[in-house]
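Q: Sharing a structure below in structure tokens format, with a few things to ask.
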Amino acid sequence: MAGQNRLQALQGDAATTVLLNGAIDMEGLVPWGSNYTFLVTIRDGARATPAIYKPSRGERPLWDFPDGTLAYREVAAYLVSVALGWPHVPPTVLRDGPQGVGMVQLFIEMVDGQHFFTLRDRHRDEMKRIAAFDAVINNTDRKGGHVLLGADGKIWCIDHGVTFHEHPKLRTVIWDFAAQRIPAALIADLDKLRGCLKRAEPLADALGELLSPREMKALRERVDALSERGAFPQPPEDWPPVPWPPV
């Protein structure tokens, strides 16, 4: 499939190669997810890695997102994070599996008890990157528990299924920087992303396989507005600005 080939071309590092090509061994159902989420082991020859598998058929229907699209949005969020160079999103691919097509994401070992509310004051620069990223992808569910400290010392972001809606729906716990100036280095990265989103660019082609034309148009408009305005967004007045529960 041409679209899948484009995705693979953008996901060519060692981790995504294993995720795309390895055999999936089911280990068990993760009990706390609102959608069916499985812990799996991916085996590719002598290499094996734990991963998270979210099949599209296990997604809970939502009133404001098309059915069966959350896995695609997770992959789109990862591709945008790679293009920007931030924040840290675990390598994520779209592939077939034991329960059908879904998202497969590298499992990152996290430090227990650490999340946005415990990390925010010690990692202000990283939180600015995450806030800008969420504005780009129109994240409607940035809970504190979706920002985690990895055992590797990095701050990782997970759970990007409800993103990229064509209408403004930003809902997040990270309003610390509302209306503040976006750092110049992040603006430069946003400008690079603008170029990557031009039609016929590899990233734009790959995202076009994952998102609708209207969602792609809205994505370009959000990136343009952030870059040109140069400031973090403010909480919306016509939409609940903070997800529940917040952690």
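Q: Which is the longest part of the chain that has none of the GluC sites (Glu not before Pro) sitting in a DSSP loop with at most 16 other Cβ atoms within 10 Å?
A: The segment 1-108 is the longest one with no such site.
Q: Which loop chymotrypsin sites (Phe, Trp or Tyr not before Pro) in the stretch 8-94, with loop taken from DSSP, have no more than 14 other Cβ atoms within 10 angstrom of their Cβ?
A: TRP32, TRP63
Q: Would you check the stretch 2-229 for Lys pairs whose C-alpha atoms are within less than 28 Å, ignoring same-chain pairs closer than 8 in sequence, and give me the count?
A: 21
Q: So how compact is the stretch 2-229: Cα radius of gyration and Dmax in angstrom?
A: 16.8, 50
Q: May I pose another question? Express in nm, to one decimal, how much length is gained between ASP152 and THR41 on full extension, taking 0.36 nm for each residue of separation and deducting their alpha carbon distance.
A: 38.0 nm
Q: Another question, then. Which of PRO31, PRO61, PRO50 moves most in a GNM of the chain, Cα contacts under 10 Å?
A: Judging by the Gaussian network model, the answer is PRO31.
Q: In what sequence do SER81, SER212, SER56 fall when counting other Cβ within 10 Å, fewest first?
A: Ordered by Cβ neighbours within 10 Å, fewest first: SER212, SER56, SER81.
Q: Let me ask something else about it. By the gyration tensor of its Cα atoms, with a ≥ b ≥ c the square roots of the eigenvalues, what is the shape of the stretch 130-247: rounded for a/c under 1.5, prolate for a/b over b/c, or oblate?
A: Taking the square roots of the gyration eigenvalues as a ≥ b ≥ c, the stretch 130-247 is rounded.
Q: Between the alpha-carbon centers of the stretch 164-189 and the stretch 64-137, tell me the distance in whole angstrom.
A: Between the Cα centres of the stretch 164-189 and the stretch 64-137 lies a distance of 15 Å.
Q: Which trypsin sites (Lys or Arg not before Pro) in the stretch 171-223 pass both tests, a DSSP loop state and at most 15 other beta-carbon atoms within 10 Å?
A: LYS198, ARG199
None of the figures in this text is laboratory data; all of them are computed from the coordinates on show. The structure presented is a predicted model; accordingly, all values stated were derived computationally and were not measured. As a convention, Cβ positions derive from the backbone with ideal geometry for all residues, glycine included, and neighbour counts pool all protein chains shown.
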